[in-house]
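Here the structure is laid out as C-alpha cells; the discussion comes afterwards.
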Amino acid sequence: MAIKIIDHGSKEYDQMIELRKSVLRKPLGLTYSKEDLERDKNDLLIGAFEEEDILACCILTRKKPETFQLRQMAVDQKMQRNGVGAAIMHFAENLAKDSGGKQVMMHARKTAIGFYEKLGYAASGDEFSEVGIPHVQMSKNLI
C-alpha cells in the first residue's frame, strides 16, 4: 500500500471523489456540488492506493496557522477494519506536523468516534447535526 498526496484534478483525485461519494454521500442520498469540490483546491489531498486502486482518502484543511481540520475521511468498505484507516490517519498527522501543525481537529460522525478515540482523539463540545446525521468535534494535539 502506498499513501501519497494527490493533485487536484488528477486521475487519482477523480478516484478520490468516487470513493467519497460511495462511502460518505450516497448512503445519505447526497452528492457534491461544484463548489464543494472547488474547495478542495487549497487543501492537502491524501490517498492510500494498492497499485492503481484507491483504498482510502482524507483531506487536511489549514484552519489556523497551527491547526488542521481533517475532512472527508473515507475507507473503501472492503478495506475497513484492515488498518488502512489508521495508516492514512498517521500519514495525515505527520503531514500536518511537517507543515507546522500542532493540532488536528475534525467533525466526526458519531458512528466513527470509537475509531478516532483509538487513535488518541478526544471529543469536545455537544453533539451537532451535519449533513443530516449526528457529529461531534474531536481533536488531538500533535506535540
Would you work out the relative contact order for segment 2-141, in percent, from Cα pairs under 8 angstrom that are 6 or more residues apart?
19
Ranked by GNM mean-square fluctuation in the chain (Cα springs under 10 Å), the top entry among Arg71, Arg81, Arg109 is Arg81
For segment 86-143 and segment 14-82, what is the separation of their C-alpha centers, rounded to whole Å?
14
Give the cross-link partners of Lys78 among the lysines, using a straight C-alpha distance below 29 Å as the criterion and excluding same-chain residues fewer than 8 apart.
Lys4, Lys11, Lys21, Lys26, Lys34, Lys41, Lys110, Lys118, Lys140
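Using helices alone, what [θ] at 222 nm do you get for the chain, with -39,500 (n - 2.57) per DSSP H run of 4 or more residues, divided over all residues and rounded to the nearest 500? Write down the numbers at each step before the final one.
Numbers: 4 runs with 36 residues, N = 143.
Using -39500 (n - 2.57) per qualifying helix, the result is -7000 deg cm²/dmol.
Kindly provide the Kirkwood hydrodynamic radius of the chain in Å, to one decimal, from all pairs of distinct alpha carbon atoms. Show your work: numbers first, answer last.
On the way: mean 1/r = 0.0651 Å⁻¹.
Taking every pair of different Cα atoms in the chain, averaging 1/r and inverting gives 15.4 Å.
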How would you classify segment 1-66 from its alpha-carbon gyration tensor, with a ≥ b ≥ c the square roots of the eigenvalues: rounded for a/c under 1.5, else prolate if a/b is greater than b/c, otherwise oblate?
oblate
Among beta bridges assigned by DSSP with both residues in the chain, the antiparallel ones amount in percent, to the nearest 5, to 90
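Every read-out reported here was derived from the displayed coordinates using simple, explicitly stated rules and does not represent laboratory data. Because the structure is predicted, anything quoted here is derived from the model rather than measured.
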